[in-house]
Amino acid sequence: MSGTPVTETALFGAGCFWGIEEAFRQVEGVVETAVGYAGGATKNPDYRQVCSGTTGHAEVVRIEFDPSRVGYARLLDVFWEIHDPTTLNRQGPDVGSQYRSVIFVQSPEQKTTAESAKAKLDAARRFPRPLVTQIVPDAPFTRAEEYHQRYAEKHGGGSCGL
C-alpha cells in the first residue's frame, strides 16, 4: 500500500470562487482544491467567456477530500455558511448566473445528503427566504486560469465582497 488516502470529490458553486476556495482550503480533511467552471454549454470556457454570462457556466470549486477525515455533510455545512443560498444568481455585489448557488453531485449518496440538508434548512427557516440552491448531476469541470487558483492565499484576501 502506498499510504495515499482514498479521496472523494465535491463540486460547489457559491458565488465568486476566490473566497469560496479559501474557505474550503481551511477545512481539516480537504486534500486539494481547484477553481473553475461547470454547468455550461461552451467547451473549455475561459474567465472572460464565463463572466459574459453567455456560456451557462457557474464559477465553482472542486474539492478533493479524505472521507475518513471529513464527511460530505460537513462540507455541505461549510457551503451553506459561506454564501447566501437564497439569492438567485447573485452573491454580494456579484450578479449573474455564473454566481448561482449550485451543488454538482458526484454520486447518488451525495444527492441524497444534499437534498436532505437543503430540506432541513428550509424547514428550520434558518434563512429568511427559501433556498434557491440547485442540486444537479455532475457536469464537466474546466479548471480556471492559473492566476485564479489559490487567489486569496496569493493576494491576501479575494473574498469578492462577501
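The values are calculated or read from the model by the stated rules, or taken from the named source; none is laboratory data. On a predicted model such as this, the values are computed, not experimentally measured, just so you know. Heads up, the Cβs are rebuilt from the backbone with ideal geometry, glycines too, and the neighbour counts pull from every protein chain shown. These area figures cover heavy atoms from the full protein model, side chains too; ligands, DNA and RNA do not enter into them. Shrake-Rupley method; radii C 1.70, N 1.55, O 1.52, S 1.80 Å.
Check region 63-81 and report whether any residue there is surrounded by fewer than 23 Cβ atoms within 10 Å (Cβ to Cβ), touching a Phe, Trp or Tyr at 6+ places or on another chain (Cβ under 6 Å) and modelled with pLDDT of 95 or more.
No, region 63-81 has no match at all.
So in region 89-121, with the set limited to residues that are modelled with pLDDT under 95 and loosely packed, with under 14 Cβ neighbours inside 10 Å, which one is nearest to Gln134 (Cα to Cα)?
Among those that are modelled with pLDDT under 95 and loosely packed, with under 14 Cβ neighbours inside 10 Å, it is Val95.
Report those helices (runs of 4 or more DSSP H) wholly inside region 63-162 carrying at least 3 residues which are touching a Leu at 6+ places or on another chain (Cβ under 8 Å) and more than 19 Å from Gly19 (Cβ to Cβ). Explain how you work it out, then say what you get.
Details: elements: 72-81, 108-124, 151-155.
Where helices (runs of 4 or more DSSP H) fall fully within region 63-162 and carry at least 3 residues being touching a Leu at 6+ places or on another chain (Cβ under 8 Å) and more than 19 Å from Gly19 (Cβ to Cβ), they are 108-124.
Going residue by residue through region 17-31, is there one that turns out to be buried (at least 21 other Cβ atoms within 10 Å of the Cβ) and either free of Cβ contacts under 8 Å to residues at least 40 places away in the same chain or more than 22 Å from Tyr147 (Cβ to Cβ) (or both)?
no
Looking at region 32-62, which of the residues that are more than 25 Å from Ala73 (Cα to Cα) and hydrophobic (A, V, I, L, M, F, W, C) is most open to solvent (accessible area, probe 1.4 Å)? Full working, then the answer.
The initial filter retains those residues of region 32-62 that are more than 25 Å from Ala73 (Cα to Cα), namely 40-56.
Now restrict to residues that are hydrophobic (A, V, I, L, M, F, W, C): 41, 50-51.
Numbers: Ala41: 98, Val50: 1, Cys51: 50 Å².
By that ranking, first place goes to Ala41.
Can you name the residue in region 3-38 that is assigned to a strand (DSSP E or B) and not hydrophobic (A, V, I, L, M, F, W, C) and, of all such residues, is farthest from Arg90 (Cα to Cα)? Reasoning before the result, please.
If we filter region 3-38 for residues that are assigned to a strand (DSSP E or B), which is where we start, we get 8-14, 30-38.
Still in the list and also not hydrophobic (A, V, I, L, M, F, W, C): 8-9, 13, 32-33, 36-37.
Working: Glu8: 28, Thr9: 25, Gly13: 11, Glu32: 26, Thr33: 23, Gly36: 18, Tyr37: 16 Å.
Only one residue fits best here, namely Glu8.
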